[in-house]
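None of the figures in this text is laboratory data; all of them are computed from the coordinates on show. Keep in mind that this is a model prediction, so the values were computed, not measured. Cβ atoms come from the backbone with ideal geometry, glycine included; neighbour counts cover every protein chain shown.
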Amino acid sequence: MPSWTDHLRFAFQPVVNLTTGSVTAMELLARPERGDVLAQARRSPELDGELAALAVRSAARRETLLPLHVNVFAGTAADLGGLASLGKAVREAGRRPWEVTVDLVPPFTHVPRPALLSAVAALRDDGFRISADGVGDGDVPLRLLAALDPDLIKVDGTVVTRMPDDPGCRGVVAGLRRFCDDTGGQLAVEGVETELQCAAAREAGAQLAQGNLFGPAARLPAADVYRPAAPMATPAGPSGRTGPPVLDFVQPAALLPVTASAEDVRALLTGSPAVSGVVLVDTAGVPVRAVDRDRFLLSLSGRYGHALYADRPAVRLADLPRTVGEHATAWEVLDVMAADHRSRTGDDVTVVDDRGRCVGVVHLADIVRALAESRVEEAARLNPLTRLPGSDTVNAEVDRRIADGREFALSWLDVDGFKQINDGAGFAAGDELIRAVGRTLAEAAAGQSGARVGHIGGDDFLLLADPSGLEPLASAVLDTPWSAGGIPATLSLATVLCPPGSVADHHQAAACLAPLKKSAKRLRGASWVLGRPGSARQEVRRGNALRVPEPGGPGGAVRGVPAPG
C-alpha cells in the first residue's frame, strides 16, 4: 500500500546574504502532491515532527553542504520538547545540529508558553539554532518574542510587499533590526519579489532575504541565484567601534570532525570548488584547526605528498583557527588578520557564537570591499570645507536616541552677520572662519562620548550631545574671540533639551529649534538660548540685551553689530 510519504516532496529555497549576495542556507519546504498534509501536521505534533525529519533526510540525498532551515509549528515544539525525530534524522544524515535552524512558525496564541520556552531551551542545548518565523503577519506576542531570544527573526512577506510605499512597515522592520542588534540575532525578510522590495528591506536593516527575486523554491538546491547590487553604505555595528557587524558577512563553513583524514578533506575540496577552506571541529562544534584550500592541495600535489598524508589526520596540514565572536565588527576581523603571519592574510576567519561553536566564516575580500565602499560613501557625504558630515549623520543618531528612549540635547549654531563678514573681509577669510569653528566644534565633541557634529552648509552647524556635556561644548565656541580678516565675529547657539518621549523624530526636534534660533539671533554678542519641546519658556544662557534694529526695519542693520546673515 502506498505511504503518504510517496506523495510528498521537498523544495529548496535559498537564503541570501544581502551584503555579500551569497547563499548562506537552504530552507526546506514541504510540497505534498496529494492531500493536505500540512493542515494535518498543524493538528498533529507527531506528524509535524516527522515532516521536519523527512526534510533533513531529503537534503542529505541532495548532498547540499549548506546549513538548513526546517519549519516546525510552535505547538509541535511545545508538545514534543526536544523533537527527538529531528535530532535522530540530523545524526543519521551526518549533519550537526548547529547547521540546522528550526523555524518556529505560527500560530503561537494557544501554545503553552512555559512548554514552548522549555522546548526551545532543549533544542538550543542540543545545538540547534532558533528562528521566529512569520513575524509581522503571525501572532507571536512581543513579550514571547523577547523571551524566545531567537537567533534569527524572519519578517513575513506580507510586510515586505508593502515596504517600498509604506513608511510604517519600514519602521517596523528597522525596529526589529535594533532588537536583533541588542540580542545578538539576525534579521531576514521573506517573499522578496522585486528590486524595490529588496532595496527597502536592506535600507531598513535586513541582513538575509528569501523570495523569487533570488530564486524560487525548487526540487534541487539552486546552483546559482540572482545577486542584487551591493549597497554602497554599510550600517554601523552594535559595538562601540564604527563598522558593519561581522554577521553581515558570514558565509557557511565547510565543517569536518577534527579526526578527519587528509583524504576526507581532499575529497570535500575537490568535490566543492567554491569552498576556500575547511574548519575542523570537535564534538561540540568548537573550531580546533583550519585548513586553507590552496596550501593544503599544494602539499598533497607535491612528490609523494598524497602517499605521505592521505591516510593521516588532516590536522597535520592545518593551522590554528583565527576566530572572532559573532558580535564583532568588520574592523575587528581586520585586526585579527593583521595580527597573524603574512602568509595567512587571505585565510578565512571563523566566526563563533557565545559557546565557542562555529557559525560560519568570513572572507577577506568581502570585508575589504565593504569597508572601502563605506569609506568612499562617508567621504562623499562630508562637507568639502570642514570635512564634517552633513545633517544626515546627526539626524540618524537623533532618531536612534529617540528609539532607545535616551535624553539628548540638539543644538544649532551659526555665525552672526556672516554675509556682511564675507562682503567686508572676503570669502577666503569667511571660509577660514567656518573651518576654524568646525575644528573647534569637532575637537570639543571628540572629548565627549556620543557627541556628534554636523555641518549643514554655509555657516550653519548641528551639535548633538548629552545634556550633561552642554556647558563645555558651548564654552568652547562661545567664549572664543572670533574674527575674519580683522573683523570681529560672534556666534549664536540654540539648544532644545529632549527628554524621552518628548519628540517623535528628528523632524520634530529640528522644528523645536526654529523659535529658539530666532530668539538667539535677537540677542547682542555671543548668545545661547535653551528650551524644551512643548514649552514656551526659554532660558537665556548667553547674551542679555536685545539688538535694536535701525530705521531700515527688520532687514536692516543693528546698531554696533552687523545684520544677521
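Rounded, prolate or oblate: which one fits the range 4-231, using the alpha carbon gyration tensor with axes a ≥ b ≥ c (rounded when a/c is under 1.5, else prolate when a/b beats b/c, else oblate)? Taking the square roots of the gyration eigenvalues as a ≥ b ≥ c, the range 4-231 is oblate. Within 10 Å, at most 16 other Cβ atoms, and a DSSP state outside H, G, I, E, B define an exposed site. Report the longest part of the chain free of exposed chymotrypsin sites (Phe, Trp or Tyr not before Pro). Longest run free of exposed loop sites: 305-565.
For the range 254-369, the alpha carbon convex hull comes to 96 Å³ per residue, rounded to a whole number.
Stokes-Einstein D for the chain at 20 °C, 1.002 mPa s, Kirkwood Rh over Cα pairs, in µm²/s? Here the translational diffusion coefficient equals 79 µm²/s. Taking the chain, how many lysine pairs are there with alpha carbons less than 27 Å apart, if each pair must be eight or more places apart or span two chains? Close lysine pairs found across the chain: 4. Taking trypsin sites (Lys or Arg not before Pro) in DSSP loop conformation with at most 15 other Cβ atoms inside 10 Å as exposed sites, the chain has its longest uninterrupted site-free stretch at 35-218.
Ellipticity at 222 nm from helices only: DSSP H runs of n ≥ 4 in the chain, each -39500 (n - 2.57), divided by the residue count, give -11500 deg cm²/dmol.
Magnitude of the charge dipole for the range 397-531, about its Cα centre and with charges confined to Cβ atoms of Lys, Arg (+1) and Asp, Glu (-1), is about 280 debye. Overall, the ratio between the Cα radius of gyration of the range 43-91 and 2.2 N^0.38 Å, rounded to two decimals, is 1.12. Under 5 Å between amide hydrogens, which residues at least 5 positions from residue 130 or on another chain qualify, with H placed 1.01 Å from N in the peptide plane? Residues meeting the criterion, in which the H sits 1.01 Å from N, are 102, 151, 152.
Considering only GluC sites (Glu not before Pro) in DSSP loops that have at most 15 other Cβ atoms within 10 Å, the longest stretch of the chain without any of them is 194-406.
Take each uninterrupted DSSP H stretch in the chain, measure its Cα extent along the helix axis, and return the ones at 15 Å or beyond whose mean Kyte-Doolittle hydropathy is at least -1.0. Taking the DSSP H segments of the chain (at least 15 Å long, mean hydropathy at least -1.0), we get 45-62, 113-126, 167-183, 364-381, 391-404, 427-446, 506-521.
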